[in-house]
Amino acid sequence: MKCLSFLLLVAAAQAFVTKEVQDSKRQLDLPAPLFHSLHIFDRPVWACTIGWRPIRSTEDILGYRLVIREEVLPNTRQYAAFQELFIYGQDKSVAAVAELKQGLWYEYRIQAFTSRGYGPLSVANALYIYKNDGLRQGQFTYSVMENSEN
């Protein structure tokens with residue numbers, strides 16, 4: 001009888017944990033934010049500010065999560081995490097990223113979050129800061145804004 005009670009308790013605990021995990025992984029029905037600006041600074045260190053349009057939703061938006069990854073790791077198709085910034089406030093629309101390196105590709109995406117979870121990630125955008133090798137004097141940056149609006 002003790003064994004049966006124990007097994008029922010374990011089964012109930014697993015069902016509860018599985019439901020909690022499924023709920024936490026559920027993606028919210030929010031629109032993905034759209035990027036609209038990128039500004040590069042080279043002093044005192046290479047840095048940038050990334051701007052986006054705040055989203056409007058019936059959900060109470062707590063803020064935004066900005067994910068920036070360095071170039072692809074050797075022999076893989078995965079990016080290494082570089083920075084993950086949390087910007088709190090529904091109306092916030094800009095974040096600063098510091099200590100970028102020359103000669104590397106950076107991918108950046110943003111998503112909104114609420115108390116119930118995260119919305120979808122935005123379309124990936126890329127940034128490349130040229131090394132100042134004399135051939136590209138004055139042309140330090142290259143960016144791809146895949147989903148920008150005019």
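Could you please find all residues in the stretch 94-129 being surrounded by fewer than 18 Cβ atoms within 10 Å (Cβ to Cβ), small (Gly, Ala, Ser) and under 22 Å from Asp29 (Cα atoms)?
Correct list: Ser115, Gly117, Ala124.
Residues that are at pLDDT 80 or above and not charged (D, E, K, R): list the strands (runs of 3 or more DSSP E) wholly contained in the stretch 52-150 that include at least 2 such residues.
Working: elements: 63-72, 79-88, 94-98, 105-114, 125-129, 141-144.
Fully inside the stretch 52-150 and qualifying: 63-72, 79-88, 94-98, 105-114, 125-129.
The values are calculated or read from the model by the stated rules, or taken from the named source; none is laboratory data. In this text the structure is predicted, and so the values were computed from the model without any measurement. Cβ coordinates were reconstructed from backbone atoms using ideal geometry, including for glycine residues, and neighbour counts include every protein chain displayed.
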